[in-house]
Amino acid sequence: MMEQDLKMMEQDLKACYSIEENFDTNYKMLNTLGEGKFSVVKRAFHVPTSTSVAVKILQNTKEYTSPICREARIMKSLSHPNIIKLFHVVQRREITYLVMEYASEGELQDRIIKVGSLEESETRRLFAQIVHAVQYCHDHHIVHRDIKASNILIDCRGNAKLCDFGLAAEVIPGQKLAGFCGTLPYCAPELLQAVKYEGPPVDIWSLGVLLFLMLSGNLPFQGRSFVDLKQEIISANFSIPSHVSIDISNVIIELLMINPSRRPTIHQIMRHPMIRGSEACLPPTSTQISQAPQATALSGP
Ligand code: ADE
């Protein structure tokens, strides 16, 4: 990396990062939990508190400085029992470490693959928890933009936790966003049409795709090619399996409205009997959270 790039990066990073000198002695890196294009997530052991944590390791390339900073800033601003907590950010010259709460039961995606599809009672409970997390984000003007089963983790108590804010955006109410973003089978139709779009409704659409997947074990839109898939999404061409109860089918239909302004807001979903009547009961803040290395958490503005 050029010296000038590094200087710029360091200035940019100062705003939201802390430097941890004892990182290598405090954290013992263990197995890999997941891998992305520019990052890897590993389980690690925090020696002073004997706690498992998840560490996202990101390469500080010039073009990634700003997204890394945004991800850290957004996660730092969030505190909710159904959102993976960011404990600590450690900046090195070439690498940034995001030290996060560890969810021992892994991705919801893997659970769905393992059991085929979820029971309605489990779906109602987990989905209600995810809706609570998304409501909290939208209330804090954060749009996730990549809600999907592999970004929902399950903790040791069986509770859902939203993770990976790498594509999230901070929005001013009414502000429109631009640019394709997210994971194609979960993408709202307006994202595929080169128009500016409102942030929150794209999360609502993805929740519809997720709810469908949890109950059926399949994605609602599966086109064999990009063109087919896009066409299915744009025309909201899906059919709900007959075993899904009528109240949940109606929720899926409402969430997957082609017109974003006709989709319910997250507050309207919260008031739906499916969510209101579920035993979502927010998990108590886990012992992990109270013990883990948060006291020294991020310094910053
Ligand atoms: N995979 C990605 N992030 C994780 C986390 N925080 N806990 C467990 N597995 C993960």
Could you say whether any residue in segment 131-147 is near the ligand (Cβ under 10 Å from one of its atoms) and buried (at least 18 other Cβ atoms within 10 Å of the Cβ)? no
Criterion: out of contact with any Gly (no Cβ under 6 Å at 6 or more places or on another chain), in contact (Cβ under 8 Å) with a residue 24 or more places away in the chain, part of a helix (DSSP H, G or I) and of a type outside the set (Lys, Arg) - qualifying residue of 227, 209: 209
For the subset of segment 56-76 comprising residues that are within 16 Å of residue 161 (Cα to Cα) and of a type in the set (A, V, I, L, M, F, W, C), which member is surrounded by the fewest Cβ atoms within 10 Å (Cβ to Cβ)? 74
Kindly check whether there is at least one residue in segment 80-91 that is surrounded by fewer than 21 Cβ atoms within 10 Å (Cβ to Cβ) and at pLDDT 95 or above. yes
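Yes or no, residue by residue, for (1) in contact with a Pro (Cβ under 6 Å, 6 or more places away or on another chain); (2) within 26 Å of residue 143 (Cβ to Cβ); (3) buried (at least 17 other Cβ atoms within 10 Å of the Cβ); (4) assigned by TED's automatic domain parsing to the domain that holds residue 163:
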residue: 29; (1), (2), (3), (4): no, no, no, no
residue: 43; (1), (2), (3), (4): no, no, no, no
residue: 51; (1), (2), (3), (4): no, no, yes, no
residue: 78; (1), (2), (3), (4): no, yes, yes, no
residue: 125; (1), (2), (3), (4): no, yes, yes, yes
Scan segment 36-45 residue by residue and report those that are assigned to a strand (DSSP E or B) and either within 20 Å of residue 168 (Cβ to Cβ) or modelled with pLDDT under 95 (or both). 39, 40, 41
Is it the case, given these coordinates, that residue 147 is part of a loop (DSSP other than H, G, I, E, B), hydrophobic (A, V, I, L, M, F, W, C) and either in contact with a Gly (Cβ under 7 Å, 6 or more places away or on another chain) or under 19 Å from residue 212 (Cα atoms) (or both)? yes
Find all pairs meeting these conditions: Cβ atoms under 7 angstrom apart; at least six residues apart or on different chains; first residue within segment 94-107 and touching a residue at least 60 places away in the same chain (Cβ under 8 Å) and at positive phi; second residue more than 8 Å from the ligand (Cβ to nearest atom) and not acidic (Asp, Glu). 106/154
Among the residues of segment 203-236, the number that are of a type outside the set (A, V, I, L, M) and loosely packed, with under 12 Cβ neighbours inside 10 Å is 5
Go through (1) surrounded by 17 or more Cβ atoms within 10 Å (Cβ to Cβ); (2) in contact (Cβ under 8 Å) with a residue 60 or more places away in the chain; (3) more than 16 Å from the ligand (Cβ to nearest atom) and name the single condition residue 170 misses. (1)
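The values are calculated or read from the model by the stated rules, or taken from the named source; none is laboratory data. Everything numeric in this text was worked out from a predicted model, so none of it was measured. Virtual Cβ from ideal backbone geometry, glycine too; neighbours counted across all protein chains shown.
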